[in-house]
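Scroll down for the structure; my scribbles are underneath it.
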Amino acid sequence: MTRLVRIAFVALVLALVALGVATAWRAGADGRWMRVMLAVAMTLPLLLLPRRPVAVVLVVVGAASTDLALGGGGGGAWFAVLVAAYGLGRYASGPALLLGVVGIYAAALAADLPRLRSGAPLDEVVPAWVILALLVGLGHWVRTRQEETQELVDRAAAGERDRIARELHDLVAHSLAVTVVQAQAGQRVLSRDPEAARTALASVERLSREGLAELRRLLGLLENDDSASVDPPPSLARLSELVADVRAAGLSVDLTVRGSHAHIPAGVDLAAYRIAQEGLTNALKHAGPGAKVVLTVLYEDDAVEVTVVDDGRGGDGRGGNDGGTGRGLVGMRQRVALYGGSLKAGSRDDGGFEVRARMPLVRA
């Protein structure tokens, strides 16, 4: 219950308590206190419906049946039974729900059986039984819809956490990998070629700033911060910038693009960019000195294909066997699966390593 609904429910129950007590008090002095206690027993326990639905229902219908046997059974008692029936369906399930339903109808049958024996027509009692069944069913339906909604929310939250984890991994892994390589290169040439060292350090600074800006953008979106950066997300249209950074880190990369980027959906575009980024980062970390990389992006009418092929050391450590987590390849598979695509990642027969991802533009 929300706070407003809880307050309204408590107010309703207290109103029923007051109505029942007032009705019992006005009924006359004969058995007055018994009627007052029964009125309280029929209404006040309703406050515990969310926690103890079956127990509350049994107490309410038991008190109502006793009150009816003593000549009472006003509208307040009937309304309390209706509230209890709805609460039973809303808060109970399984065997507990069945037990509560049996209790309700046992009390209803015990109350109506004398009337039926005395000649009362069946259509005077059947509508009340139908109303009770409808209220239990309504409560159960509301419970089921709420559980389904909560399950969808939980799944969405879990999916969002996975997406953010992939984004953070791709961002940090790529930025740090290139930064480390540039810093190492700067250290090696610092004494004999200060200008080259200065260039490497400038590249480290630029990459660090870009990585920090993208990290802030991602965290800003996560926090729904309106002041967060509104820079466009990474895209295959900006692939040349990514390739330039990797080349600056010392990896030879040939980029080939076939087709038009114009009709690529945003989600597929970002996923394909991240796969290309992860493939280049893997090659930078594992292919070894002197390795060459070919990055190919193929735009088709119904799919986009990204291929990263290097002629380096093959699969050494690329699944996490060198102490890494292997999360890069896992993240690529998750991204491709999200859009109903396929991924091939592994060592090539003639040496090197290949990553080939294909994603349809319209998911089946």
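The values are calculated or read from the model by the stated rules, or taken from the named source; none is laboratory data. Remember, it's a predicted structure, so these values are computed and weren't measured experimentally. We place every Cβ from the backbone using ideal geometry, glycine too, and count neighbours over all the protein chains shown.
Could we say that residue 323 is at pLDDT below 85 and on the phi > 0 side of the Ramachandran plot here? Spelling it out, residue 323 is indeed at pLDDT below 85 and on the phi > 0 side of the Ramachandran plot. Considered as a group, the residues in region 1-22 that are touching a Leu at 6+ places or on another chain (Cβ under 8 Å) and of a type in the set (Val, Ile, Thr) include one that is farthest from residue 34 (Cα to Cα), and that residue is 10.
Could you list, in sequence order, the residues of region 276-294 that are free of Cβ contacts under 8 Å to residues at least 40 places away in the same chain and closer than 15 Å to residue 180 by Cα? Across region 276-294, the qualifying residues are 288, 289.
A quick yes/no check of all residues on (1) within 30 Å of residue 26 (Cβ to Cβ); (2) over 45 Å from the mean Cα position of the chain (by Cα); (3) modelled with pLDDT under 90; (4) surrounded by fewer than 21 Cβ atoms within 10 Å (Cβ to Cβ):
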| position | (1), (2), (3), (4) |
| --- | --- |
| 56 | yes, no, no, no |
| 69 | yes, yes, yes, yes |
| 107 | yes, no, yes, no |
| 111 | yes, yes, yes, yes |
| 118 | yes, yes, yes, yes |
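Scoring residue 253 on the criteria (1) farther than 10 Å from residue 306 by Cβ; (2) under 34 Å from the mean Cα position of the chain (by Cα); (3) in contact (Cβ under 8 Å) with a residue 40 or more places away in the chain; (4) surrounded by 13 or more Cβ atoms within 10 Å (Cβ to Cβ) leaves a single failure, condition (2). For the residues 257, 246, 294, 308, the requirement of being part of a strand (DSSP E or B), in the same structural domain as residue 351 (by TED's automatic domain parsing) and touching a helix residue (DSSP H, G or I) at 6+ places or on another chain (Cβ under 7 Å) singles out 308. Residues that are among the basic types (Lys, Arg), modelled with pLDDT of 85 or more, touching a Gly at 6+ places or on another chain (Cβ under 9 Å) and buried (at least 19 other Cβ atoms within 10 Å of the Cβ) occur at least once in region 77-91.
Does residue 98 satisfy the criteria of being surrounded by fewer than 23 Cβ atoms within 10 Å (Cβ to Cβ) and at pLDDT 85 or above? Yes; evaluated as a whole, the condition is true for this residue. Just one residue in the set 280, 361, 343, 295 is at pLDDT 85 or above, in contact with a Pro (Cβ under 8 Å, 6 or more places away or on another chain) and on the phi < 0 side of the Ramachandran plot; that residue is 361. Output yes when any residue across region 215-224 is of a type in the set (Asp, Glu), outside the structural domain of residue 251 (by TED's automatic domain parsing), modelled with pLDDT under 75 and assigned to a loop (DSSP other than H, G, I, E, B), and no when none is. For region 215-224, residues of a type in the set (Asp, Glu), outside the structural domain of residue 251 (by TED's automatic domain parsing), modelled with pLDDT under 75 and assigned to a loop (DSSP other than H, G, I, E, B): present. Within region 277-293, the presence of at least one residue that is under 17 Å from residue 334 (Cα atoms), of a type in the set (Gly, Ala, Ser) and crowded, with 18+ Cβ neighbours inside 10 Å is confirmed.
Screening residue 329 against (1) at pLDDT 85 or above; (2) outside any loop (DSSP other than H, G, I, E, B); (3) closer than 20 Å to residue 242 by Cα leaves a single unmet condition, (1).
The condition of being more than 23 Å from residue 44 (Cβ to Cβ) and either surrounded by fewer than 17 Cβ atoms within 10 Å (Cβ to Cβ) or touching a Gly at 6+ places or on another chain (Cβ under 9 Å) (or both) holds for only one of 135, 122, that being 122.
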